[in-house]
Each structure stands twice: as C-alpha cells, then as structure tokens.
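Have a look at the structure below before the remarks.
The values are calculated or read from the model by the stated rules, or taken from the named source; none is laboratory data. All values reported here derive from a predicted model rather than from experimental measurement. With ideal geometry, Cβ positions are generated from the backbone for all residues, glycine too; neighbour counts draw on all protein chains shown. To get the accessible areas, we keep the full protein, side chains included, count just its heavy atoms, and leave off ligands, DNA and RNA. Shrake-Rupley method; radii C 1.70, N 1.55, O 1.52, S 1.80 Å.
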Amino acid sequence: MDLQEKLSILSSAAKYDVSCASSGSNRKNTPGGLGDSSTAAMGICHSWSADGRCVSLLKILYTNYCIHDCVYCINRRSNDIPRASFTPEEVTDLTINFYRRNYIEGLFLSSGVIKNPDYTMELLIRTIKSLRQEYKFNGYIHLKVIPGADRGLVREAGFYADRLSVNIELPSEQGLKLLAPGKDRKAILTPMSYISDKIASNKEEKKKFKSAMSFSPGGQSTQLIVGATPESDLQILRLSEGLYNKVRLRRVYYSAFVPVNNNPLLPVLKAPPLQREHRLYQADWLLRFYGFAANEILDPTLPFLDDDLDPKTVWALRNLQLFPVEVNKADYRMLLRVPGIGQQSARKIISSRRWGRLGFSELKKIGVVMKRARYFITCGGSFLEMIDNKEMIRTRLLKDKKKKEQLAAQQLPLNFETRLVQS
Amino acid sequence: MLIYVYDGSLEGMFTALYEGLFAKEEIESIASREKYAPSLFATEKIIETDLKKAGKLKHALQRNLSKQAFKNLIYCYLSETGMERRILSYIKMALAVKRKIDGNFVNETVNEITKTARKVAYEVHRFHGFLRFRRIYDDLYYAPIEPDYNILALLIPHFKARYANQKWFIHDRRRKLGAYYDGWECHLVTGVELNKELEALLQGIKTEAEGEEELFYRELWNEYFASIAIEERKNKKLQRQHMPARYWKNLVERVDQV
C-alpha cells in the first residue's frame with residue numbers, strides 16, 4: 001500500500017476526534033532544530049476543512065486495526081473496512097515535510113489498539129521520540145494516551161508531547177458498558193489523574209530547576225461524544241466541571257455523535273446533533289471564563305440546554321431578580337453575566353468608565369451586543385427597555401434572532417467578512 | 001487648510017507628525033506621496049523626511065505611551081488605510097493629558113486606532129497559518145502572499161524562530177516586497193519581480209523550479225485535506241467564514257474542489 005492510500009485511510013479514521021488545538025506550549029526551537037511552539041501561544045489554524053473545522057495539526061491514527069469492538073466507533077474490530085498501519089519513519093517523514101512547508105503546527109497522533117495497550121503505546125512513543133531526538137523537531141505534538149497503558153509509558157510520553165489526552169468518549173459508566181464493552185472507566189480516569197499530578201509536580205520542579213524537561217506543557221484534554229448515549233446536558237456539564245476543577249484539564253471537547261455504524265444499541269439520528277454540541281461549547285465557555293457553575297446553568301428540573309437561546313441568556317431570564325445591572329458600577333464578575341457582554345467588552349467597560357460615565361451609544365461603540373444586553377442593564381440609572389417579564393423578553397429575543405437569520409440568508413453571499421475572533 | 005505629503009516611509013510619517021504637532025494652521029490630512037489625492041480646498045505641503053525630528057518624536061512617544069499604544073500606532077501605519085491624520089489626533093491627545101489614554105475605548109480616536117491595529121494584528125495571526133512554502137531550486141522555501149495590510153516585516157520573527165535552519169523567501173506580491181532568510185539573518189528587499197519560470201509555477205504550470213518531491217508532498221497534503229472533512233457535518237459556509245476566498249489563491253490545498 002502506498003503512502004497516499006495509508007494517509008487517506010488513517011486520517012479519515014482519525015477525523016472523529018475533534019480536538020485540534022495547538023496552544024499552550026512553551027517549546028522553543030533548539031540550535032539546529034526545526035520548529036517552535038512558543039511563539040504561538042494562542043494556537044494557529046492553518047486551514048479549514050470542508051466541514052468548517054480548523055486544521056492545525058496532522059491528525060492521524062498510527063493504525064486503525066483495533067482489538068476493541070466499541071459500538072460507536074468506525075474502527076471497531078468487527079467492521080469490514082480497509083485497514084492500514086504507518087511505520088514510525090512514515091509518520092516522522094510526513095510531519096517534518098508538512099511542517100517545513102507551513103501546512104501544519106505539528107502532529108496529533110492517536111491509534112487503534114493493537115496486541116495490547118502497552119505495545120501500542122510503545123509504538124507511539126518511539127515515533128514521537130524519534131521526531132524530538134533525531135529530527136530535533138520542536139513543533140507541537142499532541143499524543144493520545146492509550147487507556148490501560150503502563151504508567152511508566154505515560155510518563156515517558158509526557159516528556160516528548162506538548163499535550164496528552166485520554167478520551168472519555170462516553171460521559172457515563174453505563175454508556176461505556178453498553179457501547180464500549182472492552183474498556184472500563186477506571187482505565188480511562190487513572191491515567192488522567194496521573195497526568196494531572198505529574199503536570200503539577202513538573203511545574204514545581206521547573207521553578208527550582210530551569211533546565212528540567214517539561215511534562216506535557218500544553219496540559220491535558222479529553223473528548224466526550226454527545227448524543228450516542230442518553231446522558232443529559234447537566235450530567236455532561238457536571239462531568240466537565242469536575243474535570244476542570246479536580247483534574248485541571250485544559251479543554252474538554254464535545255463531539256456530536258456521527259452515526260457511522262448501524263447497531264440496535266445506537267440511537268437513530270437524522271443528522272449529528274450539531275446545535276446541541278454548539279450549546280455545550282457555549283456552556284463550557286461559561287464554566288471556564290465566565291465564573292459559572294454547572295448547577296447555575298442547568299438544574300435537575302431543567303437538565304437540557306435551550307435550543308433557541310444561548311445558555312447565558314437563559315440563565316439571566318431565570319434570574320431576572322439580579323437585573324438590571326448598572327454598567328457604570330457593576331464589577332467585572334457581574335458584567336460578565338450580562339447577556340451581550342463578553343470578556344472583551346467587560347474589560348473595555350471597566351477601563352473606559354474611568355474616563356467618564358458610559359451611555360448606551362458608548363456601549364455600542366465598545367462592542368456590547370445591545371440587542372441582547374438592553375433588557376438587562378441600566379446606564380447612569382436609565383433604561384433602554386424596561387420589560388420586567390421573562391416571557392416577553394424571550395419572545396422579543398427570538399423575534400430578533402429570526403430576523404437576523406432571514407437577513408443573513410439574503411445577504412450572506414455578499415457579506416463574508418469574518419468578525420475578529422477573540423485572540 | 002493643509003495637506004501634508006510625506007514619502008511613505010515610517011520616518012517620513014514621524015516627521016510629518018512632528019511638524020503637525022507644532023503647526024499653527026489646521027491640517028486636513030496627512031498622506032503618503034503614493035496615496036495623495038490633490039484637493040481644491042487645501043494646499044499641499046511636502047514634508048522632507050528628517051531623521052532627527054522623527055527620532056525625537058519616536059522617543060517622546062515611547063516615553064509617554066504604553067508599549068501597546070505605541071505598537072498600535074505602528075500597526076495603523078502598516079495598515080496603509082490612511083490613518084495618519086488620526087494618529088496625529090491620538091498623539092496630540094496623549095501628550096496633552098499626560099495619562100495613558102489607550103484604555104478610553106469610548107473616545108472615537110482611541111477606538112478607531114485600536115480597531116485598525118487589531119485588524120492588522122489579526123491578519124498577522126492569520127498568515128502565521130495561511131502562508132505556504134514551496135520548495136524551489138532544491139533548497140529555497142518560497143511563499144507568495146497577498147495580504148490586505150503591509151505585514152511582511154511583522155511576520156519575520158515568527159518564521160525565523162521556527163525555520164531557523166532552512167532558507168526561505170516570503171514574497172508580498174501585492175507590494176513587491178520580499179523577506180529573504182539565508183539561514184543566518186533576514187533581509188528585506190524591495191521591487192521583487194519573479195522570473196518567468198516561477199511566475200508560471202504560480203499559475204499552476206509545472207516547471208523545472210519544483211522537484212518531484214514537492215509535488216509528492218503537496219499531493220499528500222491535498223489527500224489529507226480532503227479526507228479529514230466529515231461528510232455529515234459538511235459546512236462550506238463556515239469554512240469560508242474562517243478562511244475568506246481572497247486567501248485561497250496562495251494556499252496549496254484546493255479549497256474549492258472538496
């Protein structure tokens with residue numbers, strides 16, 4: 001089989017892993033070396049594929065042979081699909097040559113499990129070790145840890161990788177039992193907490209000895225599949241919250257379930273639940289950057305996120321007693337909780353109001369989305385819109401949204417300018 | 001009313017700004033020679049670049065502005081969108097109030113300067129990703145770009161750090177500028193024209209300039225680019241939003257064909 005065919009099979013097999021970040025590393029170039037991951041603190045997207053997802057790393061499986069038979073997975077043992085395996089040389093060659101041409105930020109290497117977890121893990125390590133040592137490669141490497149692999153191997157991997165991740169995939173133990181009979185939750189969570197401890201202790205070590213090798217400097221991430229099993233959004237968010245607070249994960253990725261296999265155990269979906277995935281990401285942002293707790297966003301009487309409105313607006317509507325907020329006085333924390341005010345506009349409000357009182361036109365200039373914020377704020381004591389009724393505000397917001405969608409449908413071909421992303 | 005016309009260089013602009021700070025008449029606009037459009041109602045004044053004056057102003061600005069604010073002004077200059085007059089207002093204000101004004105986003109001038117600088121910074125960030133090298137004549141990595149703003153100089157540190165060990169040439173085709181890194185240091189060149197062979201290459205014609213190896217990896221990359229998209233999630237609109245079509249020309253992946 002030629003390299004092109006292998007690449008086609010093994011990148012296609014890896015594409016259901018949604019993580020693409022190349023951020024957070026501090027790896028500098030070395031004399032005579034290739035690559036540098038320290039100048040790109042934010043991560044860099046090199047392209048966008050036809051599904052609108054960012055392409056940052058060469059994302060491949062080492063092999064798509066697998067001893068497991070996970071029901072949701074395209075690479076399950078019992079599927080009759082073309083199989084292939086790379087050699088370490090092929091992976092390093094592709095990585096180096098793609099990197100030299102600035103196609104990619106680095107390598108994302110995962111794998112099906114062959115023989116046993118240790119054997120597979122050793123192959124992956126041999127590959128990235130060669131990249132680091134023989135090729136002096138200092139680009140980004142994201143390595144998947146194979147659940148069940150020996151702790152010593154995980155430790156070794158961390159010294160070559162910029163980010164390690166173990167995929168939880170199914171958000172609950174029951175889900176895992178049902179769809180991934182070969183895996184157990186403990187084999188997933190144990191390496192996660194080991195990596196977390198190791199990252200923490202490595203940071204301490206680096207404070208004392210500057211020359212100490214970094215252990216997974218880009219942190220740790222994981223992925224949850226959404227919609228293959230019946231967990232609620234609340235369950236998922238609570239899990240994420242725990243992963244952020246207790247295991248100090250850098251990112252949790254949510255992957256809308258794409259039904260690649262036919263199986264009576266799997267739900268029948270017309271399309272992947274992309275809107276649900278989108279709302280989960282919004283809620284995830286609220287957890288990480290906006291100071292929300294999972295229990296504030298959802299509660300057992302309302303365990304799913306709203307399809308029509310974003311989670312922050314829904315929270316504000318449920319907590320109208322906390323509003324209106326006076327933008328000239330409120331602190332950063334409270335400003336962040338106002339629908340239509342993001343991190344950037346909250347910061348700009350704080351710094352601008354030292355120069356004088358802010359009115360509604362000033363807020364607009366700063367970048368506050370007045371369509372949403374107007375129901376929740378006062379400026380110097382005056383309202384723009386005084387509605388103290390949850391249902392009425394909701395109706396108004398939905399009407400605005402519909403109008404915007406109609407307008408967008410008409411205008412899109414003319415107006416493709418991208419908004420500035422927050423960098 | 002006056003229009004200041006300077007030679008287009010950064011020092012030229014600083015000289016014009018310096019003159020502007022002390023001018024008694026009202027200054028309608030400041031424009032580079034290239035961008036200058038004569039007006040019926042204003043008289044033009046040619047500003048001769050004066051390195052001493054330019055240096056003086058630069059020092060005063062570095063003393064009185066925050067690091068970010070100073071950087072913003074340079075980025076506005078590089079945007080080539082006629083921001084010079086606004087920069088003058090900004091400087092006047094900053095020197096008058098003796099307080100760091102860059103936090104006052106409500107002020108029209110500060111807001112415009114910040115916004116423009118951000119656009120430039122964002123394009124730099126984009127090109128860290130969108131730039132594509134092709135290996136030509138055996139050992140030179142060549143990348144054509146056509147950015148909206150004059151960002152070539154801002155791209156250098158990033159690429160110098162990661163490709164310290166290979167020779168490369170980044171070519172701003174719109175401005176005929178080049179940054180050539182010879183393995184040791186980087187040289188800026190002006191008036192860059194391509195030879196026929198390379199010109200043909202960029203039109204998609206196979207020439208001797210590129211070896212088989214180059215085609216091999218480019219095809220592999222295209223194979224990869226096509227196979228990672230998930231059919232069930234296909235969303236060309238979203239793709240185009242992140243990667244506007246004007247950038248596609250100099251990418252080596254065939255964005256429109258998958």
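Structure notes:
- Principal semi-axes in Å for the range A:195-330 [√(5λ), Cα gyration tensor, largest first]: 31, 26, 11
- Distance between the range B:11-90 and the range A:115-188 - C-alpha centres, whole angstrom: 56 Å
- Across the range A:3-220, C-alpha contacts under 8 Å between residues 6 or more apart give a mean separation that, scaled by the residue count, equals a relative contact order of 21 percent.
- For the residues B:86, B:162, B:173, a GNM of chain B with alpha-carbon springs under 10 Å puts the largest fluctuation on B:162.
- In terms of Cα atoms, the Rg and Dmax of the range A:1-124 work out to 15.4, 48 Å.
- Considering only chain B, percent of DSSP beta bridges that pair antiparallel, nearest 5: 45 percent
- Fraction in percent of alpha-carbon pairs per bin - 20 Å, the protein assembly as shown: 16, 45, 34, 5, 0
- Protein heavy-atom accessible surface, 1.4 Å probe, per residue over chain A: 44 Å².
- Calculated Rg and Dmax of the range A:259-337 using C-alpha coordinates, Å: 16.5, 57
- Put a plus charge on the Cβ of each Lys and Arg, a minus charge on the Cβ of each Asp and Glu, and nothing anywhere else: the dipole of the range A:3-220 about its Cα centre is then about 520 debye.
- In a simple Cβ point-charge model (Lys, Arg +1; Asp, Glu -1; nothing else charged), chain A has a dipole of about 1460 debye relative to its Cα centre.
- In chain B, Cα pairs under 8 Å separated by at least six residues give a relative contact order of 13 percent.
- DSSP bridge orientation in the range A:54-168 - percent antiparallel, rounded to nearest 5: 10 percent
- Only Cα sites of the range B:2-123 enter the Debye sum here, all with the same form factor; the resulting log10 I(q)/I(0) across q = 0.11, 0.18, 0.22 1/Å is -0.34, -0.93, -1.36, listed in q order.
- Heavy atoms of residue A:365 accessible to a 1.4 Å probe, total area in Å² rounded to 10: 70 Å²
- About the centre of its Cα atoms, the range A:317-411 shows a dipole size close to 240 debye [charges on the beta carbon of Lys, Arg (+1) and Asp, Glu (-1) only; nearest 20 debye].
- Taken over the C-alpha atoms, the range A:243-296 has Rg and Dmax values of 14.4, 41 angstrom.
- Among A:65, A:20, A:381 - extreme Cα towards positive end, dipole of chain A, charges at beta-carbon: A:381
- Listed residue pairs exceeding 32 Å between alpha carbons, taken from B:71/B:167; A:210/B:52; A:144/A:270: A:210/B:52
- Calculated accessible area for the range B:131-257 comes out at 48 Å² per residue, all protein chains present (probe 1.4 Å; ligands, DNA, RNA ignored).
- Accessible carbon and sulfur surface of the range B:131-257 relative to its total accessible area, %, 1.4 Å: 49 percent
- Result for chain B in a Gaussian network model with C-alpha springs under 10 Å: among B:208, B:199, B:232, the largest mean-square fluctuation is at B:232.
- Here chain B was treated as a single set of alpha-carbon atoms; its pair distances binned every 5 Å from 0 give 1, 5, 11, 13, 14, 14, 12, 10, 8, 6, 4, 2, 0, 0 percent.
- For the range A:71-211, the C-alpha radius of gyration divided by 2.2 N^0.38 Å, with N the number of residues, is 1.14.
- Column: log10 I(q)/I(0), Debye, Cα scatterers of the range B:64-171, q = 0.10, 0.20, 0.23, 0.24 Å⁻¹: -0.38, -0.97, -1.16, -1.23
- Given charges at Cβ of Lys, Arg, Asp, Glu: chain B dipole, positive-most of B:54, B:191, B:111: B:111
- Mean projection area, nm², convex hull over Cα of the range A:56-122: 5.1 nm²
- GNM top mover of B:238, B:177, B:95 - chain B, alpha-carbon springs below 10 Å: B:238
- Degrees separating the helix A:151-160 axis from the principal Cα axis of chain A, which is the longest one: 70 degrees
- Projecting the alpha carbon convex hull of the range A:147-238 along each direction and taking the average yields 6.5 nm².
- Chain A: relative contact order as a whole-number percent, Cα under 8 Å and 6+ apart: 11 percent
- Of all DSSP bridge pairs formed entirely within the protein assembly as shown, close to 35 percent run antiparallel.
- The largest-to-smallest principal axis extents of the Cα set in the range B:131-257 are 47, 33, 28 Å.
- Note on residue A:122: accessible area approximately 100 square angstrom, rounded to 10, probe 1.4 Å, nucleic acids and ligands left out.
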